[in-house]
Amino acid sequence: MPTTRSGFFDVRMRGFRDRAEVADVVRLLDERIHSLAAEDCALPEAGTRVVAADVRSEVAVPGFERAAMDGYAVRAEESFGAGPYSPLELRIVGESMPGRPFAGRLSAGQAVRIMTGSPVPAGADAVLPFEVAREEGGVVFISEAISPGRHVGRRGEDVEPGRTVLTAGRVLRPQDLGLLASLGVASVRVVRQPRVDILITGDELLPVGSKPEGFRIVDSNSIMLAALVKRDGGEARVAPLLPDRRELILEAMRSSEADVLLISGGSSVGQEDHAPALLAELGELAIHGVALRPASPTGVGFLGTRAVFLLPGNPVSCLCAYDLFAGRCIRRLGGRVPDLPYRTVSLPLASKVASAVGRVDYVRVRIQDGRAEPLAVSGASMLSTTTIADGFVLVPRDSEGFPAGEVVTVHRYDDAP
Ligand code: AMP
Ligand code: MG
């Protein structure tokens, strides 16, 4: 039996002996992959990052009583009895502007002209809007009674000191950043972003930007994977294309310092498929071969603390294996929800889907007239099927497929509903 130094059974040119269940791969990842450590991130860079620890406010917002309208700061009780035909008079003793408060204290019979957002002077307890007042010769005539507290924003009405404003796990929204800024926060503790090295192997490949030529094809996986990693909150680094040469792949695997290594191509049991044996020798090849179509020649393992994913070169398989396994790992490392990041919709199938018991099928579908139509063409090598499709359906392991009309869960590629 062809075994390597580490005792790894060399499956090249033999085929997989048995395949792992998709659910077992998911379980393995959930057991072994945990959130990375926290780091400080300056607010301007923190959008879409994941909050690592609850954030409590140390201050009150606003920190003072402020006017909610343009008008006059008054003692409400002095307006009682005012009406359109019986206006009451108050003497204007000064102004309160945003950032420039009235210095004194309001006494009986007095009012202070005040603008929205300005501090309400001591002694005043309401703001009378300009609309119900008329000013003439240093006097304001009030034509409507006003209740205490009216049009005054109380201290801490937005945020009380000590309140938890964001909890760990929150993916920062633009308005979260604004709120943090209002609390006087300059940086926030966030989960470190997973660093992901992308190694693309294949003698036949030309770099992105080339024209396909002769028997050579252009690498489509690096750019797709980099975009997927970015979507999942990781920092992708694409290494220069690697030929199918054992020593070069070995060197690239050894020199990576990323948290996750994605290796595309050469993941199966062909003559040029070096990555599985290398991973088994260098670290741990925990999974090789998954009961999943496409993407059955997928490997998962570990190299020191690093998670390694051996992704099939066929682009659809590569996408499928990334989403189900590598993406899950990256999302977990980054403290994000690990499940597939697609919106789902329940729709009846327009035609039947056949599947074999014992494996999960990734079925590309179009959504038409409120029904999910499985694509007729579904090869793993045809990436355009995933651009024509609106999403995919996962047929569970124990299912023989679904009849037409069965309501299925469609994972939509696009985020928009
Ligand atoms: P492999 O997994 O290396 O056996 O490759 C399986 C199929 O996918 C072959 O037809 C390859 O030419 C193709 N392939 C491998 N890598 C890529 C890539 N990066 N981009 C596009 N196609 C690829
Ligand atoms: Mg190859």
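The values are calculated or read from the model by the stated rules, or taken from the named source; none is laboratory data. Model, not experiment: these values are computed from the prediction. Here Cβ is always computed from backbone atoms with ideal geometry, including for glycine, and neighbour counts include all displayed protein chains. To get the accessible areas, we keep the full protein, side chains included, count just its heavy atoms, and leave off ligands, DNA and RNA. Shrake-Rupley method; radii C 1.70, N 1.55, O 1.52, S 1.80 Å.
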Long-range neighbours under 6 Å by Cβ, at least six apart or interchain, first residue within 11 Å of Gly299 (Cα to Cα) within the range 263-283, second outside any loop (DSSP other than H, G, I, E, B) and open to solvent by 20 Å² or more (accessible area, probe 1.4 Å): Pro276/Leu285; Pro276/His288; Leu279/Leu285
Only listed residue being at pLDDT 95 or above, open to solvent by 40 Å² or more (accessible area, probe 1.4 Å), more than 30 Å from Ala73 (Cβ to Cβ) and not aliphatic (A, V, I, L, M), chosen from Asp203, Asp158: Asp203
Selection status of Arg216, closer than 27 Å to Pro121 by Cβ, surrounded by fewer than 16 Cβ atoms within 10 Å (Cβ to Cβ), in contact with an Asp or Glu (Cβ under 7 Å, 6 or more places away or on another chain) and not aliphatic (A, V, I, L, M): no
The range 201-248 - residue that is among the acidic types (Asp, Glu) and in a loop (DSSP other than H, G, I, E, B) and, of those, nearest to Arg49 (Cα to Cα): Asp232
Number of the exception - Gln368 against (1) modelled with pLDDT of 95 or more; (2) in contact with a Phe, Trp or Tyr (Cβ under 9 Å, 6 or more places away or on another chain): (2)
Set Phe325, Phe302: member being open to solvent by less than 20 Å² (accessible area, probe 1.4 Å), closer than 28 Å to Ala38 by Cα, within 16 Å of ligand 1 (Cβ to nearest atom) and at pLDDT 95 or above: Phe325
Unique residue being more than 16 Å from ligand 2 (Cβ to nearest atom) and more than 28 Å from Ser255 (Cα to Cα) when the list is Arg359, Arg332, Arg306: Arg359
Residues of the range 244-287 classified as under 20 Å from Val25 (Cα atoms), away from ligand 2 (no atom under 16 Å from the Cβ) and of a type outside the set (A, V, I, L, M, F, W, C), total: 3
Which listed residue is within 27 Å of Arg19 (Cβ to Cβ), away from ligand 1 (no atom under 16 Å from the Cβ) and of a type in the set (D, E, K, R), from Arg332, Arg371, Arg366: Arg332
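Residues checked against (1) surrounded by fewer than 13 Cβ atoms within 10 Å (Cβ to Cβ); (2) free of Cβ contacts under 8 Å to residues at least 60 places away in the same chain; (3) assigned to a loop (DSSP other than H, G, I, E, B):
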{"site": "Val26", "(1), (2), (3)": "no, no, no"}
{"site": "Ser35", "(1), (2), (3)": "no, no, yes"}
{"site": "Glu39", "(1), (2), (3)": "no, no, no"}
{"site": "Ala53", "(1), (2), (3)": "no, no, yes"}
{"site": "Tyr72", "(1), (2), (3)": "no, no, no"}
{"site": "Ala103", "(1), (2), (3)": "yes, yes, yes"}
{"site": "Ala108", "(1), (2), (3)": "yes, yes, yes"}
{"site": "Ala111", "(1), (2), (3)": "no, yes, no"}
Every residue from the range 270-295 that is crowded, with 20+ Cβ neighbours inside 10 Å, within 11 Å of ligand 1 (Cβ to nearest atom) and assigned to a loop (DSSP other than H, G, I, E, B): Asp273, His274, Pro294, Ala295
From Asp232, Asp158, residue being among the acidic types (Asp, Glu), away from ligand 1 (no atom under 16 Å from the Cβ) and within 24 Å of the chain's Cα centre (by Cα): Asp232
